[in-house]
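For reference, the structure is listed below as structure tokens.
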Amino acid sequence: MTTFHALYGHQPEGEWAAPGRVNLIGEHTDYNLGFVLPIALAQTVRVQARRRTDGRLRLHSAQGDGTVTELTAEDLAAGTVTGWARYPAAVVRALLEAGHRVGGADLSFDSDVPTGAGLSSSAALECAVAVAYDDLYGLGLGEQELALLAQRAENRFVGVPCGVMDQMASMCCRAGAALYLDTRDLSARQVPLDLAGAGLRLLVMDTRVKHDLADGAYAQLRAGCERAAELLGLPALREVPLSGLDEALSRLPDELRPLVRHVVTEDDRVRRAVALLDAGDPAGLGPILTAGHASLRDDYRVSCAETDLAVVAAVAAGALGARMTGGGFGGSVIALVAADTAEAVAGSVTQAFRSAGHTAPAIHQAEPASGARRVS
């Protein structure tokens, strides 16, 4: 592997890491100012970094073609950066536009977060840059401030109108816990999630169907939700109570009703999931996961044949529950399983994919991990 010294002629000032994430419950409610329950993954984006005095940003990725992308201040201001480099460039631009006195840097990245798998690789990349710059330039920003800056970078300069869940999860999650986050006021609570102690495992199954949230489909869904809230005279769909769902749906055109039904019922699933974890019953999450997938498939319509197959095959093989995670249109599925059935469930899903003529999924176990941090 190419060393930082070989790339840039000097040693880094430090190394920082930010994790990918899976969302247990709460998919597509964050931009409706609802509730979410993500965990951070052990898979991270790591960045070695050093300040520069000439304002230039030089970027290298171990997963790239070996070249170093060099950007000037004019490149950052113009917002014309393309490819993976637009994510770190967007974070630096967001810092500058927020009034922070930051300069250039040499940044070298390495990542084991799969891209396009619904595991928030872009948020991990953004948050790794944010924490590195915070340390390099002594900004003294808190986790929430850095998460909001990373979200602003993706919204304004990458062009994905995402909510703040991915960035908050990457910044604020803790090992052994899920993050119960209110995305309206950013109040958060760490909810203990000891899967091993309960004899459980969480499988993450990457279907290898890639998705790109910048392609417009995600934005269309958000626009539909915002239109529904406007028609209901509400600031956000979280204001619709479960008990008032039918009445709200009766006031909407047919094409918007499924979107609203998903958001309102998903918020309710988050609350029920948190209650189960607080009561020490993580196994009870199983049916909630599966119900959430049915809603994503039938109401929100962001699933696909491969994610549906993974859910059906996992549950048929004995999983307590399973659901798609991430923005949709491919990506990954999570399955909650008893520890002694994990291998059998993974094998059954793999066989189901082969029988259907699909590429076998990449499957690994997940444990709640820590958020973004300096590692050296």
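We did not get these values from a lab; they are worked out from the coordinates using the rules stated. Model, not experiment: these values are computed from the prediction. Positions of Cβ are generated from backbone atoms using ideal geometry, with glycine treated the same way; all protein chains shown enter the neighbour counts.
For this structure, a couple of remarks:
- Taking amide H atoms as placed 1.01 Å from N in the peptide plane, the amide H of E15 lies under 5 Å from those of V375, S376, each 5 or more residues away in sequence or on another chain.
- Length-normalised contact order for the chain - Cα pairs under 8 Å, 6+ apart - percent: 24
- Comparing A49, V345, A6 along the charge dipole axis of the chain, the residue lying farthest to the positive side is A6, per the Cβ-charge model.
- Order by protection proxy (mean Cβ within 10 Å, highest first), peptides 75-87, 364-376, 307-319, 161-173: 161-173, 307-319, 364-376, 75-87
- One quarter of the convex hull surface built on the alpha carbon atoms of the chain amounts to 18.7 nm², the projected area averaged over directions.
- Contact order, relative form, for segment 194-366: 34 percent (alpha carbon pairs under 8 Å, 6 or more residues apart, mean separation divided by residue count).
- Nearest-20 debye value, segment 4-190 charge dipole, Cβ charges on Lys, Arg, Asp, Glu: 120
- Ellipticity estimate at 222 nm from DSSP helix runs (n ≥ 4, -39,500 (n - 2.57)) divided over the chain, nearest 500: -11000 deg cm²/dmol
- For segment 194-366: rounded, prolate or oblate by the Cα gyration tensor [a/c cutoff 1.5]: oblate
- Rounded to the nearest whole Hz, the Karplus-based 3J(HN,Hα) values (6.51 cos²θ - 1.76 cosθ + 1.60, θ = phi - 60°) of segment 57-69 follow the sequence 10, 10, 10, 9, 10, 5, 8, x, 9, x, 7, 9, 8, with x at glycine and proline.
- Beta-bridge orientation, the chain: approximately 90 percent antiparallel, per DSSP, counting only bridges with both partners inside.
- The HN-Hα couplings worked out from phi for segment 172-185 by the Karplus form 6.51 cos²θ - 1.76 cosθ + 1.60 (θ = phi - 60°) are 10, 5, 10, 4, x, 8, 9, 9, 8, 10, 8, 7, 7, 10 Hz, whole numbers, x standing for Gly and Pro.
- Taking θ as phi - 60° and the Karplus parameters 6.51, -1.76 and 1.60, the scalar couplings of segment 363-371 work out to 10, 9, 8, 10, 10, x, 10, 7, x Hz in sequence order, x denoting glycine and proline.
- Summarising the amide proton neighbourhood of R52: residues at separation of 5 or more, or on other chains, whose placed amide H is nearer than 5 Å comprise G104, A105, D106.
- Between 0 and 90 degrees, the angle of helix 86-97 with respect to the longest Cα principal axis of the chain falls at about 70 degrees.
- Cα centroid of segment 33-59 to Cα centroid of segment 227-246, whole Å: 35
- Net charge contributed by nearby residues that have their C-beta within less than 14 Å of P192 (K/R +1, D/E -1): -2
- By DSSP, the beta bridges lying fully in segment 4-190 are antiparallel in about 85 percent of cases.
- Angle in degrees between helix 121-136 and the longest Cα principal axis of the chain, rounded to the nearest 10: 40
- Springs join every pair of Cα atoms under 10 Å in this Gaussian network model of the chain, and among P287, P241, P253 the largest mean-square fluctuation is at P253.
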